[in-house]
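The values are calculated or read from the model by the stated rules, or taken from the named source; none is laboratory data. Keep in mind the model is a prediction, meaning the values are calculated, not measured. Note that we place each Cβ from the backbone using ideal geometry, even for glycine, and neighbour counts take in every protein chain shown.
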Amino acid sequence: MEVFVVSLLNGLVYGMLLFMLASGLTLIFSMMGVLNFAHASVYMLGAYFAYTISLYLGFWPALILAPILCGLLGAAIEMYGLRQVHRHGHIPELLFTFGLALIIEKVVQMTWGMVAVPYRIPDGLDFSLFTIYGTQFPAYRAFMLLISALMFAAIWLGLTRTRIGLIIQASLTHPDMVGALGHNVPRVFTIVFAAGTALAGLAGVIGGNYRVTEPGMAFSMGPIVFVVVVFGGLGSLTGCFIASIIMGLIQTFAVVLDYSLADLLELVGIVVTKATPGAEFLTVSLPRIGALLPFILLVLILVLRPRGLMGTRDT
């Protein structure tokens with residue numbers, strides 16, 4: 001029971017971190033149709049910006065300033081880069097953002113070095129909030145859960161209950177009509193892209209000291225974020241939220257549950273031996289394939305339900 005409860009809490013924290021990062025990509029990839037391979041790189045920049053700002057001003061100013069810097073960078077990328085290649089289709093967008101991700105990675109390495117930087121949890125949140133089954137639950141993880149929940153509520157209310165949210169949704173589906181009504185559609189796209197990159201920056205601020213701030217953090221988080229967005233369904237913020245929690249729990253429990261298919265078969269009276277056909281496959285433990293499980297689920301969801309769990313657009 002102790003392992004289950006602790007793993008459940010850790011899985012929720014990791015899942016909410018995935019949502020913080022994936023929510024920005026949902027705005028960009030799901031709504032604008034832009035294949036932004038540099039999204040995880042902006043997440044990395046958010047962590048490094050927060051580390052640098054916190055050295056001079058502290059964590060709390062960094063929590064505000066770093067996402068703003070990432071948002072401004074995103075606006076510049078959309079206006080002076082993506083807007084120029086968007087008219088040529090998705091392949092130029094993919095190549096542009098892929099190249100941008102490589103550039104950001106090299107800039108980070110040249111600016112902050114090749115090793116991890118000492119980006120620490122703020123002293124005000126560096127304590128145990130409560131103890132369960134002898135295991136301490138840090139206050140900073142509860143802070144991450146709070147920020148993620150507030151982010152989900154703010155995005156959902158902003159898109160569905162405000163005038164600018166309605167204009168954004170209309171611009172993504174009927175841009176000509178929105179333009180005819182006097183709204184600046186390119187500016188709307190810039191706002192959406194800047195908001196998405198700002199959310200990625202915020203995820204970097206929150207997740208950089210929870211995990212490790214180093215040049216490989218974008219590569220480690222990028223693939224799983226795309227899995228979350230597609231699995232949850234393009235165009236669905238709720239689907240993104242649910243998929244984030246599912247992926248977080250799966251990857252967390254896969255580490256602590258040392259079982260295999262052979263163990264499951266043994267429960268029904270089938271004993272797997274070395275002579276059993278496929279014994280090597282049946283005896284592979286769950287922790288050894290834990291990192292593959294999200295991608296296996298991605299393949300299954302694309303086969304069974306191409307729009308994802310709650311998608312409104314085809315993938």
Going through Tyr56, Tyr43 one at a time, which residue ends up being surrounded by 21 or more Cβ atoms within 10 Å (Cβ to Cβ) and aromatic (Phe, Trp, Tyr)?
Tyr43
Filtering region 229-246 down to residues that are touching a Phe, Trp or Tyr at 6+ places or on another chain (Cβ under 9 Å) and either hydroxyl-bearing (Ser, Thr, Tyr) or not in a helix (DSSP H, G or I) (or both), which residue is farthest from Ala170 (Cα to Cα)?
Ser244
How do the pairs read when you match residues in region 14-34 that are under 24 Å from Val85 (Cβ atoms) with residues anywhere that are acidic (Asp, Glu), using Cβ under 6 Å and keeping only pairs 6 or more apart or on different chains?
Val34/Glu93
Scan region 46-66 residue by residue and report those that are assigned to a helix (DSSP H, G or I) and either out of contact with any helix residue (DSSP H, G or I) (no Cβ under 6 Å at 6 or more places or on another chain) or not hydrophobic (A, V, I, L, M, F, W, C) (or both).
Gly46, Tyr48, Tyr51, Thr52, Ser54, Leu55, Tyr56, Phe59, Trp60, Pro61, Ile64
Scan region 96-113 and report the pairs whose first residue is farther than 13 Å from Ser41 by Cβ and whose second residue is modelled with pLDDT of 95 or more and among the hydroxyl-bearing types (Ser, Thr, Tyr), with Cβ atoms within less than 6 Å and a gap of 6+ or a chain change.
Trp112/Tyr48
Taking only pairs six or more apart or across chains, which ones have beta-carbon atoms under 9 Å, a first residue in region 54-77 that is touching a residue at least 24 places away in the same chain (Cβ under 8 Å), and a second residue that is of a type in the set (Asp, Glu) and loosely packed, with under 14 Cβ neighbours inside 10 Å?
Phe59/Asp123
For Val3, state whether it is at pLDDT below 85, not hydroxyl-bearing (Ser, Thr, Tyr) and not in a helix (DSSP H, G or I).
no
Boolean, Gly196 is within 22 Å of Leu8 (Cα to Cα) and surrounded by 16 or more Cβ atoms within 10 Å (Cβ to Cβ)
no
